[in-house]
Amino acid sequence: MRLSRRITTMLAGAVLAIGIAGSGASAGARDPAPGVADLTRDLDRILADSRLAPARAGVAVRAAATGEDLYSLDADKLFAPASNTKLLTSAAALDTLGTDFRFTTDVLAASRVGRTVAGDLTLRGTGDPTLLAADYDALAAEVAAAGVKLVTGRLVADDTWFDDVRLGTDWAWDDEPYYYAGQISALTAAPDTDYDAGSVIVSVAPGAGPGKAATVSTTPATGYVKIVNRAVTGDETDVLVERRHGTNTVVVSGTVSEPYDEWVAVWDPTFYAATLFREGLARHGVKVLGPTVRGTAPAKAATIASRRSMTLGELFVPFMKLSNNMHAEILTKAMGRKVSGAGTWAAGLAVTSAFAQANGVRTLRLRDGSGLSRVDALTPGGITALLAAVRGKPWFPTWYAALPIAGEADRMVGGTLRSRMRGTAAAGNVHAKTGSLTGVTALSGYVTSADGEQLVFSVISNGYLSGPPRDLEDRIAVRLAQFTRKAPVDETVDETADARGTTSGSSPREAAPSSPRARAGDLECSWLKPARC
């Protein structure tokens, strides 16, 4: 009996040791400090949530300055990261292109006699995602101000700075009409100052009375998109906006009782941009006799008009705050163009992968720059290694400021975290990148502890069957903000976070009727227009 008890005691001690080692803070530490042990216990409790029982969750927490591991759960396992992929893409872009990088768009002609361009007029782009219809109009006005009244040839759209592959590898076919999966081109246009390149806004409003045709318009107003209006005025708004595959015909059906907007990706953004420019030329009295075609600017063509974008540092605010997929893909191809002369996904992803591996990401698989691909794979440990490594980069302050900030109501400050963790120790503290796809949620970034120590963390969940368990991410972030090495915290886990603004497991609102998605919570909140963060 005594032997039995001794064996039982030894086995219990061994099991306890294995359990502690598996929790991370204590992995490799025989006797963790009380504050670290408390953190381990509390994060274990949070991650014991039943919603994760059929799912996979990976967590890594480390001290940013020293690299000390404070907590680890499957931190070296690969997970689908969704938009956490943008952490790698954005950091590589700043490192490769620089904060002062600008896109250029030029209008060129090879032969001009007085007021006549004798031959073709070329519109050449390098990927600027910030061009609005007003900017193409301004380019047209500049051409007119230069004295051009007639173009005897064609309007040539030169998008050869990038290749002609428009959609990313592994992107879901049913995302193709939606603006957050817009086609990528070196010539493109956005409908508003979120700079959702390659899309238009379709606005539906009540008509003259019940049962009467609804009023439908687009932003920008352009002949490039054909509207088929089957919607009528009714007692409720239940609108379906569908772009037919391979066309720019948009069919609007259903009923509308109040104004409703839908962001729609166009088919072929190159000709979309060229159409906006051609329409601008007509408004400013410049006549083009030939058709609009795709081509390449002549080697010796002279520049008649030009536009430079905002700096990359400025673009990073809408890019990262709103998790803009098109920006990530455009920057990926721009990196490829700069480093290897090829504006392709393959060339750009090679740049991002090399940068990531040089900054602590040992294991990864990248198929795109935004994280729309479900074949993308990162580890929580790799993400935290990157977060720690880039703190010494000269561009780090720009990058850090561009990350969404928990609980900050301003959309261009709080971004995708503006409605989360309000009224907690994490509010105004956590700078982190969100990530959301059906069955995938992630949160990775920086938090300052109660001791004033900066921590880096990554939380990724895959394969859950519930609504997205973002409340668990938030509770972890709040607990990290409360972390102290000095003594146990008074309240170990903030169980009231949901009541103070945390976005919990289920989205508070269903997806718009025009979306095939089962729940709005399956996507980044900023992708649900108008923004529902």
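Read-outs throughout are calculated quantities, based only on the coordinates presented, and are distinct from any laboratory measurement. For clarity, every value in this text was computed on a predicted model and none was experimentally measured. Using ideal geometry, Cβ is built from the backbone for each residue, glycine included, and neighbour counts are taken over all protein chains shown.
The listed peptides 421-429, 231-239, ordered by packing as a protection proxy, come out as 421-429, 231-239 (highest mean of other Cβ atoms within 10 Å first).
In the structure shown, the pairs LYS338/LYS433; LYS300/LYS333; LYS393/LYS529; LYS77/LYS393 are assessed against 31 Å; a Cα-Cα span above that value is assigned to LYS393/LYS529. A crude spin-label estimate for the pair ASN229 and GLU242, with each label 7 Å from Cα along the Cβ direction, gives 2.0 nm. In this structure, ALA33 and LYS77 have a Cβ-Cβ separation that, at R0 = 25 Å, corresponds to a calculated FRET efficiency of about 0.40.
Around the amide H of ASP158, modelled in the peptide plane, lie the amide H atoms of LEU123, ARG124, GLY125, GLY295, all under 5 Å away and 5 or more residues distant in sequence or on another chain. When each of the peptides 42-54, 436-448 is scored by the mean number of other C-beta atoms lying within 10 Å of its residues, the order from highest to lowest reads 436-448, 42-54.
Take the Cβ atoms of VAL375 and ARG41, set R0 to 30 Å, and the FRET efficiency comes out at 0.25. In this simple spin-label approximation, THR66 and VAL165 carry label points 7 Å from Cα along the Cα→Cβ vector, and these lie 4.5 nm apart. Taking label points 7 Å from Cα along the Cα-to-Cβ direction, LYS486 and THR303 give a separation of 5.8 nm.
Angle of helix 312-321 to the longest C-alpha principal axis of the chain, folded into 0 to 90 degrees and rounded to 10: 60°.
Ranked from largest, the principal axis spans of the Cα set of region 199-265 equal 33, 20, 16 Å. Against the chain, whose longest principal axis is taken from its Cα atoms, helix 85-97 shows a tilt of about 60°. You can think of it this way: the chain between ALA48 and SER340 has 100.4 nm of extra reach, that is 0.36 nm per residue less the Cα-Cα gap.
Taking amide hydrogens as placed 1.01 Å from N in the peptide plane, the amide H of THR215 sits under 5 Å from those of ALA205, GLY207, each at least 5 positions away in sequence or on another chain. Sorting the segments 464-475, 277-288 by their mean number of nearby beta carbons within 10 angstrom, highest to lowest, gives 464-475, 277-288. Once C-alpha pairs closer than 8 Å and six or more residues apart are averaged by separation and normalised to the residue number of the chain, the relative contact order reads 20 percent. Computed from the C-beta positions of ASP192 and VAL293, the FRET efficiency with R₀ = 35 Å rounds to 0.75.
Our note on the geometry: Cα centres of region 133-201 and region 326-380, 23 Å apart. Computed from Cα atoms, the angle from the helix 34-47 axis to the main principal axis of the chain rounds to 60 degrees. Full extension of the segment from ALA358 to GLU258, taken as 0.36 nm per residue of separation minus the current Cα-Cα distance, would add 30.8 nm.
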